[in-house]
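The values are calculated or read from the model by the stated rules, or taken from the named source; none is laboratory data. Note that this is a predicted model, so its numbers are computed, not measured. Cβ placement follows ideal geometry from the backbone for every residue including glycine, while neighbour counts extend to all protein chains displayed. Side chains included, ligands, DNA and RNA excluded: accessible areas come from the protein's heavy atoms. Shrake-Rupley method; radii C 1.70, N 1.55, O 1.52, S 1.80 Å.
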Amino acid sequence: MSSPREGYVLHSYGPDRYVKHVVASVHTLRRHDPDRPVALFCPEHHRALLERRGLDAHFDVLEDLPREHRSIVGFKHHLHRFKAFERSLFVDADIIWCRNPDPLWRQFSAFPFTATGLQNADHFFGGPKGLGVVVDVLLGRRRRTLRRLGLTQLPRVQAGMIYAQDDACTREVDAAAASFLDRVGKTHFRSRLDEGRSEETCEWSIALAMSKLDLHVFPWLQGRNSPQLDYIDSLTDHDPDFKEVSYRLYTNRFVYSLRGISNTSLRNALLRGAESLPRAGEYMEVTPYALHFGWLHQKETFRDFTERTWARLAEERTRPRQVTPQNPDSASAE
């Protein structure tokens with residue numbers, strides 16, 4: 001039998017809770033896609049935990065993640081090393097799958113390499129998150145960066161979902177992204193390490209690489225065809241296990257951008273206000289292919305789901321199998 005051509009690739013490192021995220025995410029994936037294989041690259045202590053709990057069976061490929069790749073850029077700037085399948089979909093672990101992804105795979109198959117995002121990044125992408133962005137705009141720093149790098153456009157990449165089909169193209173993206181990151185001092189982009197974060201981001205460097213190589217960014221906002229949507233509690237109706245999900249997707253991009261406000265009362269008040277304005281408050285109820293728990297102020301719901309799912313799956317794997325006693329009468333009758 002030929003090896004699978006399409007499959008999902010995940011990775012984990014750090015505290016044990018992160019491999020629990022992977023298991024919970026794959027559990028939701030299997031509700032909708034029971035056939036495509038899943039690969040996990042992780043350190044030995046994650047693999048050992050999976051084996052102790054009997055949960056390593058969730059993965060068709062379970063390989064070591066070398067120490068030098070246990071970071072965001074360490075993994076995502078080296079995707080060619082972890083491309084386990086001919087057509088690989090690299091997905092983050094903080095994702096809950098909500099519907100059959102077959103149509104998504106058919107669309108991805110048209111590209112040698114793509115990542116979800118937007119064709120035109122906002123000014124906050126890779127730049128300062130506060131008022132410093134105003135200075136960048138006034139001084140034209142983004143335009144200067146693109147001119148220095150010989151580029152004409154900056155897309156927005158959301159690296160939680162990256163599709164790689166062509167091996168050579170994937171290598172080119174990796175090499176170009178790493179090169180751009182090394183030249184951060186010649187750009188307007190800010191190193192996340194300077195903001196006190198423990199890891200560098202990979203998204204703006206991958207975006208520049210895709211721009212340089214003329215690669216298409218797969219739009220993440222496509223109405224009912226959206227590959228992934230950000231989980232926001234006030235926009236998402238769901239049962240505790242996320243088996244039934246309905247998402248309120250505002251069709252006005254500015255109104256939808258209000259989802260990033262961490263204060264729930266303020267966010268809901270602004271959304272209610274928007275709904276009273278012509279066109280601004282229009283929305284559709286959709287079930288996305290996946291919910292992405294990328295916002296820090298929305299992580300708690302995912303953590304709770306992860307812990308419940310891990311505990312239940314581990315118990316099911318270790319619980320003694322019930323053996324139904326044979327009916328003596330029926331046995332003698334045979």
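Being closer than 25 Å to THR145 by Cα, under 18 Å from the mean Cα position of the chain (by Cα) and among the hydrophobic types (A, V, I, L, M, F, W, C) holds for only one residue in ILE232, ILE206, and it is ILE206. Would the range 142-153 turn up any residue that is surrounded by 12 or more Cβ atoms within 10 Å (Cβ to Cβ), in a helix (DSSP H, G or I), in contact with a Gly (Cβ under 8 Å, 6 or more places away or on another chain) and among the hydrophobic types (A, V, I, L, M, F, W, C)? No, there is no match, as no residue in the range 142-153 is surrounded by 12 or more Cβ atoms within 10 Å (Cβ to Cβ), in a helix (DSSP H, G or I), in contact with a Gly (Cβ under 8 Å, 6 or more places away or on another chain) and among the hydrophobic types (A, V, I, L, M, F, W, C). Across the range 106-141, the qualifying residues are those that are outside any helix (DSSP H, G or I) and polar (S, T, N, Q), and the one among them that is surrounded by the most Cβ atoms within 10 Å (Cβ to Cβ) is THR116. Mind listing just one residue for me: the one in the range 21-39 that is free of Cβ contacts under 8 Å to residues at least 40 places away in the same chain and farther than 23 Å from LEU65 by Cβ and, of those, surrounded by the fewest Cβ atoms within 10 Å (Cβ to Cβ)? The qualifying residue surrounded by the fewest Cβ atoms within 10 Å (Cβ to Cβ) is PRO34.
Looking only at residues of the range 74-96 that are over 18 Å from TYR18 (Cβ atoms) and among the hydrophobic types (A, V, I, L, M, F, W, C), we find that the one that is most open to solvent (accessible area, probe 1.4 Å) is ALA84. Would you confirm whether any residue within the range 82-99 is in a helix (DSSP H, G or I) and not small (Gly, Ala, Ser)? Yes.
Restricted to the range 1-20, and to residues there that are open to solvent by 40 Å² or more (accessible area, probe 1.4 Å) and among the polar types (S, T, N, Q), the residue that is modelled with the lowest pLDDT is SER2. So, in the range 261-302, how many residues would count as being in contact (Cβ under 8 Å) with a residue 24 or more places away in the chain and assigned to a helix (DSSP H, G or I)? Number of matching residues: 11. Restricting attention to the range 59-73, and to residues there that are without any contact (Cβ under 8 Å) to a residue 60 or more places away in the chain and touching a Leu at 6+ places or on another chain (Cβ under 8 Å), which single residue is most open to solvent (accessible area, probe 1.4 Å)? Ranking the qualifying residues of the range 59-73, first place goes to GLU63. Only one entry in ALA115, ALA121, ALA110, ALA159 is out of contact with any helix residue (DSSP H, G or I) (no Cβ under 8 Å at 6 or more places or on another chain), modelled with pLDDT of 80 or more and small (Gly, Ala, Ser), namely ALA110. When the range 214-235 is filtered for residues that are polar (S, T, N, Q) and open to solvent by less than 10 Å² (accessible area, probe 1.4 Å), the ones remaining, listed by number, are SER226, GLN228.
The set of residues in the range 241-289 being open to solvent by less than 30 Å² (accessible area, probe 1.4 Å) and polar (S, T, N, Q) is empty. Residues in the range 196-241 that are in contact (Cβ under 8 Å) with a residue 12 or more places away in the chain, among the acidic types (Asp, Glu) and part of a loop (DSSP other than H, G, I, E, B): GLU199, GLU200, ASP233, ASP241.
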